[in-house]
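Asks: To start, I am sharing the structure in question, which I have written as structure tokens.
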Amino acid sequence: MNAIKHIIRTSCRGCRGLCQVLVHLDKNGRVVHITGDQESPFSRGHICVKGMRAADALYHPDRITAPLLRTKARGQGGWERISWDAATDLIAERFASIRAESGPEYIAIAHGSGRPYAEFADLFCCAMGSPNFVSPAHNCLTPRALCADITIGWRPQPDLHGLGGIMPRCILLFGNNAAETGGTGEFCGKILKTALEQTEKSIVVDPRTTATARESDLHLFPRPGTECALLLGMIHAIIRGNAYDKEFVAAHCTGFMELHGHIRSFTPSWAETTTGVPASKIEEAALAFARLRPSCLVLGNGVEVSVNAFQTARAAYILMAICGVLDVPGGMARRLPPANIRPTPGLAEAMLFLPPKLRAKALNRFPFCAGAHAPTFWQACVSGRPYKPRAIWLIGTNPIVTQTRGDLVSEALRDHLEFVVVSDFFMTSTAALADLVLPPRHWLEQEDVGTLNEAWYAVPCRPIDLVGEALDDREAILRVAHKLGLTEAFPWKSWREHLEWLLEPSGLSFAEFLEQSALFGEMPYKKYLQEGFKTPSGKVELASSILRAMDLPDLPTYEEPPLSPVSRPDLAARYPFIFMTGCKTEAFFHSEGRNIPALRRLHPEPLAEMHPAAAKEAGLSEGQRVRISTPHGTQEFILHMDDRLPKDVVHAEHAWWFPEKSGPSYGCFESNANLLFSHDHFDRFSGAEPLKSGLCRVDPASGAATA
Ligand SMILES: Nc1nc2c(c(=O)[nH]1)N[C@H]1C(S)=C(S)[C@@H](COP(=O)(O)OP(=O)(O)OC[C@H]3O[C@@H](n4cnc5c(=O)[nH]c(N)nc54)[C@H](O)[C@@H]3O)O[C@H]1N2
Ligand SMILES: Nc1nc2c(c(=O)[nH]1)N[C@H]1C(S)=C(S)[C@@H](COP(=O)(O)OP(=O)(O)OC[C@H]3O[C@@H](n4cnc5c(=O)[nH]c(N)nc54)[C@H](O)[C@@H]3O)O[C@H]1N2
Ligand code: SF4
Ligand SMILES: [Mo]
């Protein structure tokens, strides 16, 4: 093993988290290994296998190291290396001519999940005048974030760090497996585990028995997709049990009387009928949450990919509010970022570049979905209705496998869009259909002021090593923006200059910032006593005036999933299992990691999981290749027995492709869970898709039907 010559502290960006890590280098400055930083107040030594193996992607032999221009027909391979200057010239020229000929909305920018370049990508899109920024946001974080904005005026974070000197007495994990995923908030798995060890009552609401569920004090197994009903039953139990915080409700909430009337019929017994969770357990969970204050509720992606995404979040925020846990120590905190650094301009600032007449051109039909709605966007590319986008720059996303109807996405990229640019480390199924592929810097190559959604700290990200001509995504965006004359939105000459601008109020240069371990925000609680809540009434709106003004129901109701044994008994006869997809696994970040041998060994095949008893009944055995069919398609997976699942539920992993197979598809149409959904069903508020509550059947891959 190589001798370690240096250790450099930096911050991992291998998922939506931001763990502080130590990178161990040899005498040539090459990364030898990466460990967790025990001194980090945020991640306290945590590191996952993706973080540990990050250098395997950095130095991967297949990594794209220079801009590549297509020389043959789309998808036929044949790439020519070109300079960054030529590449950025080409993008600027094509975008400028399409904007002049057709209008800015004909150009789209797509990005992936929670990436540090997302703000720059949105800003660039809006600055060009296009409302069509495309992302997984409709299925990830945005439904609950926009719901928090209209209900509370800010986005509550579970106070698992106990910054006010008090830890939560009750933690309710709701469709969230953050011990393995880190979730989408400002805490990592280790912080959650520590908080769970200290709490008096841990409650997990999850159809699967995750490791956290197994160790919890109370585990509720709702039928997938029904958790909004569960929350309504809990609110009923709390109000009927007189366990709500009357003082907080009287002083700081509107609409309690309407809620009181609305909730009357949503008894725990009603919720039992819908969710399958015994009424007594619903009451136990509700009363524990209300009485063991401070308590916190951690929402997750399990309840967000649902036609109830927005209403589930509404019910969850109402529950927090009536229990008086908003912005109290150990409850649901409102974080303030460090006051002495400027925030990177976010979506709100980006939208200032879009006058209402351009906003209205977004390929989006949902009121609580920002930018374009991804499925609507891909449909428009193929159908030309209401118009046909002409160009797209996809930055760090692989929608052929991560979004529904990859067949449509692929058709749009291959046959319809006139100009396709992809920024990615590797030649993915999506990148293989591009005209131009750009190599971004990996987090081990980036310099940054690292922050997260609603976090109260900023940590240094130091460049460790650089491979080939990789360029930071944000530097690439800046260069194209400047060539298009977008200097009002992008006044910084370079990415480094932007970082210096962020830090200016602190008096620190970027070099000086790198000497710090972190910058902290203050953490005063109960800020609403001075500031109120940023809603139209200045209070928490249990009944929402914004929804009422939009002619939408102002109190949450439950909608049965469109494909369920209840809504479609006719289909359930042929598709007897409830179908969940995309519970995240530790080794992979969505579609990433399949080409990293150390990660792939941990998880070599695309798995479909079912209970051993159900498999036995169907005559299926462990490791067998099976066909999963839904009314929309059939894909193949390897069967894995999982006694953590209910007998009537099947789970299939999402985002599989096979980099070892030949391009351009790299096997992306073989085990692609997202080909098993249609574009017929969406949450009518946010446009979220029911990816964790469908119907399916399972057959052996070779022939006869068994299920
Ligand atoms: N290792 C790894 N970490 C990741 C990611 C990754 O791909 N890999 N992705 C990141 C991203 S972008 C996100 S959004 C987060 C998501 O992280 P989480 O919020 O933890 O989301 P999931 O893993 O999708 O699902 C969480 C849990 O919800 C449960 N669930 C599924 N359906 C239902 C339901 O109908 N009701 C209820 N109550 N529960 C349900 C699942 O069984 C699962 O255990 O993870 C982030 N972290
Ligand atoms: N069926 C089903 N589908 C789902 C989900 C589900 O639960 N079920 N979950 C959904 C969720 S929550 C999300 S967030 C989406 C994620 O969907 P995507 O964002 O499309 O997923 P990723 O696999 O993270 O795409 C990342 C690509 O970006 C590249 N990349 C990584 N870092 C960078 C970088 O810094 N710069 C650039 N330029 N490229 C980079 C990687 O190599 C990879 O090819 O998937 C969704 N899809
Ligand atoms: S949890 Fe995320 S941020 Fe932390 S080490 Fe793993 S990949 Fe990196
Ligand atoms: Mo996500």
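The values are calculated or read from the model by the stated rules, or taken from the named source; none is laboratory data. Bear in mind the structure is a predicted one, so any value in this text is a computation, not a measurement. Here the Cβ positions follow ideal geometry from the backbone for every residue, glycine too, while neighbour counts run over all protein chains shown. Keep in mind that these areas ignore ligands, DNA and RNA; they rest on the heavy atoms of the full protein, side chains included. Shrake-Rupley method; radii C 1.70, N 1.55, O 1.52, S 1.80 Å.
Asks: If you look at just the Cα atoms of the range 61-100, how large are its Rg and its Dmax in Å?
Replies: 12.2, 41
Asks: Report the antiparallel proportion of the DSSP beta bridges in the chain as a percent, rounded to a multiple of 5.
Replies: If we restrict to bridges inside the chain, about 50 percent are antiparallel.
Asks: Please report the orientation-averaged projected area of the chain, defined via the convex hull of its C-alpha atoms, in nm².
Replies: The directionally averaged projection comes out at 29.3 nm².
Asks: State, in angstrom, two size descriptors of the range 73-145 derived from its alpha carbons: Rg to one decimal place and Dmax to the nearest whole number.
Replies: Computed over the Cα atoms of the range 73-145, radius of gyration and Dmax are 14.9, 44 Å.
Asks: Calculate what fraction, in whole %, of the accessible area of the range 271-406 sits on carbon and sulfur atoms when a 1.4 Å probe is rolled over the protein chains.
Replies: 58
Asks: A further question on this structure: Given the rule -39500 (n - 2.57) for each run of at least 4 DSSP H residues, summed and divided by the residues of the chain, what is its mean residue ellipticity at 222 nm, to the nearest 500 deg cm²/dmol?
Replies: Helices in the chain give a 222 nm mean residue ellipticity of -8000 deg cm²/dmol.
Asks: Rule-of-thumb check for the range 403-484: C-alpha Rg over 2.2 N^0.38 Å?
Replies: Computed over Cα atoms of the range 403-484, the ratio equals 1.36.
Asks: Still on this structure: How large is the accessible surface per residue of the chain, computed with a 1.4 Å probe and reported in Å² as a whole number? Write down the numbers at each step before the final one.
Replies: Working: 25190 Å² over 707 residues.
With the other protein chains kept in place, the chain gives 36 Å² per residue.
Asks: Here is a follow-up. For the range 435-488 and the range 288-318, what is the separation of their Cα centres, given in Å?
Replies: Comparing the Cα centres of the range 435-488 and the range 288-318, I get a distance of 34 Å.
Asks: How much net charge surrounds H33 when only other residues with a Cβ under 12 Å from its Cβ are counted (Lys, Arg +1; Asp, Glu -1)? Numbers along the way, then the final one.
Replies: Working: positive: R30, R53; negative: D26, D56.
Counting the neighbours of H33, the net charge comes to 0.
Asks: Here's something else I'd like to know. Identify the GluC sites (Glu not before Pro) of the range 178-272 meeting these criteria: DSSP loop state and at most 13 other C-beta atoms within 10 Å of the C-beta.
Replies: When the GluC sites (Glu not before Pro) of the range 178-272 are filtered for loop state and at most 13 Cβ neighbours within 10 Å, E200 remain.
Asks: Count neighbours as other Cβ atoms within 10 Å of each site's Cβ, and list the trypsin sites (Lys or Arg not before Pro) in the range 658-707 that are DSSP loop with at most 13 such neighbours.
Replies: Values: sites: K661, R684, K692, R697; in loops: K661, R684, K692.
Qualifying residues, ordered by number: K661.
Asks: When the accessible area of the range 443-498 is computed with all protein chains present and a 1.4 Å probe, what percentage of it is carbon and sulfur?
Replies: Carbon with sulfur: 45 percent of the solvent-accessible area.
Asks: For K388, go through the lysines and keep the ones whose alpha-carbon is under 16 Å away, minus same-chain ones fewer than eight residues off.
Replies: Within the straight-line cut-off, K388 pairs with K361.
Asks: Next up: For the range 650-707, what % of the accessible area comes from carbon and sulfur atoms, probe 1.4 Å?
Replies: 52
Asks: Given the alpha-carbon gyration tensor of the range 621-707, what are the semi-axes of its equivalent ellipsoid in whole angstrom, ordered largest first, with each equal to the square root of 5 times an eigenvalue? Show your work: numbers first, answer last.
Replies: Working: eigenvalues 96, 76, 30 Å².
For the range 621-707, the semi-axes come out at 22, 20, 12 Å.
Asks: Under a straight-distance cross-link criterion of Cα-Cα below 23 Å, which lysines are reachable from K527, leaving out those fewer than 8 residues away in the same chain?
Replies: Result set, ordered by chain and number: K246, K539.
Asks: Check each of the trypsin sites (Lys or Arg not before Pro) in the range 337-394 and keep only those in coil by DSSP with at most 14 other C-beta atoms within 10 angstrom; list them in order.
Replies: On the way: sites: K357, R359, K361, R365, R390; in loops: K361, R365, R390.
Counting only loop positions with at most 14 other Cβ atoms within 10 Å, the trypsin sites (Lys or Arg not before Pro) in the range 337-394 are R365.
Asks: If the viscosity is 1.567 mPa s and the temperature 4 °C, what translational diffusion coefficient in µm²/s does Stokes-Einstein give for the range 340-488 when Rh comes from Kirkwood over Cα pairs?
Replies: 74
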